[in-house]
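The values are calculated or read from the model by the stated rules, or taken from the named source; none is laboratory data. This structure is a prediction, so every number in the text was calculated from the model and none was measured. When we count neighbours, we look across all protein chains shown, and the Cβ atoms used for this are built from the backbone with ideal geometry, even at glycine. Accessible surface is based on the protein model in full, side chains and every heavy atom, while ligands, DNA and RNA are left aside. Shrake-Rupley method; radii C 1.70, N 1.55, O 1.52, S 1.80 Å.
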Amino acid sequence: MTVKELSDRFDVQVVAGEKGLNRPIDGGYCGDLLSDVMANAPQGCIWLTVQGHQNVVAIAVLKEMAAIVLTGGHEPDPETVEKAGVEGIPILAWEGSAYHLTGLIHAAGVRNSDG
Amino acid sequence: MEICSKEEVHILVLFGELEQALVVQQHVYGHLPGQNEAKVFGYQIIADENDEVLGESSRLLIGATELGLQEIVTKARSLGGVTIASHVDRPAFGIIGKLGFVPDDLRIDGVEISYRIPLETACDSIPGIKDFPCVTSSDAHCPDDIGRAWTSFLLAAPTVEEIRLALKGEKGRKVGI
């Protein structure tokens, strides 16, 4: 599944980084402690977080992530939107909980190597 | 004053004048949602210099502000304050644990190590802080904790401006004697 397909299928709004919408999603990760995400998120994953600080984009670039989803109605900082545009990392917005969206993505068949 | 940013990073802001701190306090109070639940978070007693109880704060002082880290640092600097990222060795509420690294454009004056690890080895054991002046202090949230860690400064006078010079290592001032 690509980021665009996920966005269309589950009605997740795209708020930045549109040029990366064709990236394939190779797994998933949830976390708001960025040091943990940097250490443990799988390469190419989609990342669900409430953290809108600009550092999320740097970590997504480092991990070659497919996209970042800000859950629970959290919004990215203006610098985050700008950096996501430059790097081509899509940022999506989901009003509901990370738990709900994670369930939908997992049920759609997006898995990590450990499940 | 120690402020919790909306990213849930703690940052120390030091001012030489009470008026500067009061301006920031008003700004913080304007962006600090919630009411304290004394049974859950404890009583927030306001006491005078003789420990006489004057009242109780109903604000949710344990909570995070709605202010971004960058906004807090910019505001403190504009008022002449010194900003130090608190307890950067801690996974929660420390800038490294919370944000992974210190953003390039964040103009903090230094970083603080908690009492848990020695200052001498901190730069080697915590990734991403070696370019910042480093201090240690007690992070005291109750009287018994005061003084459990401390940093010496070589200063011409006990002022915030002198501390800023010491953190920069300028004009013969320095951290650690």
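Key figures
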| item | result |
| --- | --- |
| Exposure of B:F15 as accessible area (Å², to 10), given a probe of 1.4 Å and all protein chains | 30 Å² |
| Two-site label geometry, B:Q26 and A:S97: point separation in nm, points 7 Å out along Cα→Cβ | 4.1 nm |
| B:H87, B:H27, A:H100, reordered so the largest accessible area comes first (probe 1.4 Å) | A:H100, B:H27, B:H87 |
| Protein heavy-atom accessible area occluded, A/B pair - total, 1.4 Å probe, Å² | 1000 Å² |
| Virtual spin-label span in nm between B:S78 and B:V40, 7 Å along Cα→Cβ | 3.3 nm |
| Accessible carbon and sulfur surface of the protein assembly as shown relative to its total accessible area, %, 1.4 Å | 52 percent |
| Chain B: projected area of the alpha-carbon convex hull, averaged over directions, in nm² | 11.0 nm² |
| Estimated vicinal HN-Hα couplings, Hz - the range B:99-113 in sequence order (Karplus 6.51, -1.76, 1.60; Gly, Pro = x) | 10, x, 6, 7, x, 4, 8, 8, 8, 7, 8, x, 10, 10, 9 |
| Unit charges on C-beta of K, R, D, E only; dipole of the range B:1-44, Debye | 160 debye |
| Averaged over B:68-74, number of beta-carbon atoms from partner chains that fall within 10 Å | 2 |
| Largest-first ordering by accessible area, 1.4 Å probe, given options B:W150, A:W94 | B:W150, A:W94 |
| Rounded accessible area of A:S97 (nearest 10 Å², 1.4 Å probe) | 60 Å² |
| The range A:62-115: trypsin sites (Lys or Arg not before Pro) in DSSP loop, at most 13 other beta carbons within 10 Å | A:R111 |
| Charge context of A:A41, other residues only, Cβ under 13 angstrom, K/R +1, D/E -1 | -4 |
| Area of A:D32 that stays accessible when all protein chains are in place (1.4 Å probe, Å², to 10) | 60 Å² |
| Inter-probe distance in nm under a simple model that places probes 7 Å from Cα toward Cβ, at B:R116 and B:E17 | 3.9 nm |
| Sparse-neighbourhood loop sites, GluC sites (Glu not before Pro) in the range B:35-95 - DSSP loop, at most 11 other Cβ within 10 angstrom | B:E37, B:E49, B:E52 |
| The range B:42-119 versus the range A:49-115: alpha-carbon centroid distance in Å | 27 Å |
| Most to least accessible of B:Y115, B:Y43, A:Y99 (protein chains only, probe 1.4 Å) | A:Y99, B:Y43, B:Y115 |
